[in-house]
Amino acid sequence: MRIVGGALRGLKLAEVGEGDAAAHLRPTTDRVRESIFNLLVNGTHGNPVPGARVLDLFAGTGALGLEALSRGAVRVAFVDDGVAARTLLRANIEKARAMGVTDVWRKDATRLGENRAAPFDLVFLDPPYGKGLGGRALESALAGGWIAPGGVVVWEESAAPPPVSGLVQIDRRKYGDTIVTLLRAGHDQVARSSLVDR
């Protein structure tokens with residue numbers, strides 16, 4: 001697993017190995033991560049990465065957030081309540097020499113509470129598949145003021161996720177067994193469906 005673009009391109013990240021089965025560690029493959037960032041950078045919705053404050057929910061190894069840093073994000077907050085995940089995450093932050101521009105929070109992503117800092121422009125959401133945790137995490141993030149107006153959410157799941165009030169779908173792509181849905185924070189908007197198989 002490596003950073004696939006930007007200033008840290010080629011940086012080898014810590015190996016997950018067999019990991020902890022209870023931790024549900026399932027890192028986004030390099031190919032899917034590259035596809036996600038191509039979608040963000042080249043999409044008609046504008047590139048949200050440069051200068052962004054990023055929230056990486058169910059962060060796992062932190063590969064998505066670190067990829068965003070490599071491509072111009074200014075700060076990343078990683079949220080994961082798993083011991084194995086946070087160990088790998090801290091190792092990867094050290095490898096990337098990103099200690100000064102990252103935060104690691106031991107939190108339940110579905111119960112974020114109130115955000116007391118500036119909201120985030122870009123949110124990555126890669127929950128354990130098929131458990132309904134993604135929708136709950138987004139509802140928590142919206143209720144707590146974690147997502148900036150116009151902020152973009154990248155949600156990975158094994159099936160098309162249900163609509164979330166307060167977010168409008170701007171794209172959806174399928175990569176193997178992973179469905180990536182892009183959403184934008186807005187008001188009184190209805191989600192659109194545009195599944196494209198890739």
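Structural remarks
- Count of residues meeting criterion [under 16 Å from LEU8 (Cα atoms), surrounded by fewer than 24 Cβ atoms within 10 Å (Cβ to Cβ) and touching a residue at least 40 places away in the same chain (Cβ under 8 Å)] in the range 74-93: 1
- Subset of the range 66-98 [at pLDDT 95 or above and closer than 18 Å to LEU138 by Cα]: VAL76, ALA77, PHE78, VAL79
- Residue within the range 46-53 that is at pLDDT below 95, out of contact with any Asp or Glu (no Cβ under 7 Å at 6 or more places or on another chain) and within 18 Å of MET1 (Cα to Cα) present: no
- Pairs with Cβ under 8 Å, 6+ apart, first in the range 124-135 and closer than 13 Å to ILE179 by Cα, second of a type in the set (Val, Ile, Thr) and not in a loop (DSSP other than H, G, I, E, B): LEU125/VAL153; LEU125/VAL154
- Any hit, the range 113-127, residues being out of contact with any Asp or Glu (no Cβ under 8 Å at 6 or more places or on another chain), among the basic types (Lys, Arg) and at pLDDT 95 or above: no
- For the range 17-38, filtering for residues that are of a type in the set (A, V, I, L, M, F, W, C), under 18 Å from the mean Cα position of the chain (by Cα) and modelled with pLDDT under 90 leaves 3.
- Qualifying residue in the range 157-166 (condition: at pLDDT 95 or above, crowded, with 20+ Cβ neighbours inside 10 Å and either of a type in the set (A, V, I, L, M) or in a strand (DSSP E or B) (or both)): no
- Filtering the range 83-136 to residues that are more than 17 Å from the chain's Cα centre (by Cα) and assigned to a strand (DSSP E or B) leaves nothing.
- Residue that is surrounded by the most Cβ atoms within 10 Å (Cβ to Cβ), among those in the range 138-156 that are under 13 Å from LEU57 (Cβ atoms) and β-branched (Val, Ile, Thr): VAL153
- Some residue of the range 140-150 being touching an Asp or Glu at 6+ places or on another chain (Cβ under 9 Å), small (Gly, Ala, Ser) and either modelled with pLDDT under 95 or assigned to a strand (DSSP E or B) (or both): yes
- Restricted to the range 5-16, and to residues there that are modelled with pLDDT of 75 or more and closer than 18 Å to LEU89 by Cβ, the residue that is surrounded by the fewest Cβ atoms within 10 Å (Cβ to Cβ) is LYS12.
- Residue list for the range 59-82, restricted to those being part of a loop (DSSP other than H, G, I, E, B) and more than 19 Å from ARG184 (Cα to Cα): ALA59, GLY60, THR61, GLY62, ARG71, GLY72, VAL74, ASP80, ASP81, GLY82
The values are calculated or read from the model by the stated rules, or taken from the named source; none is laboratory data. Since we're looking at a predicted model, the values are computed, not measured. Here the Cβ is made from the backbone with ideal geometry for all residues, glycine too, and neighbour counts use every protein chain on show.
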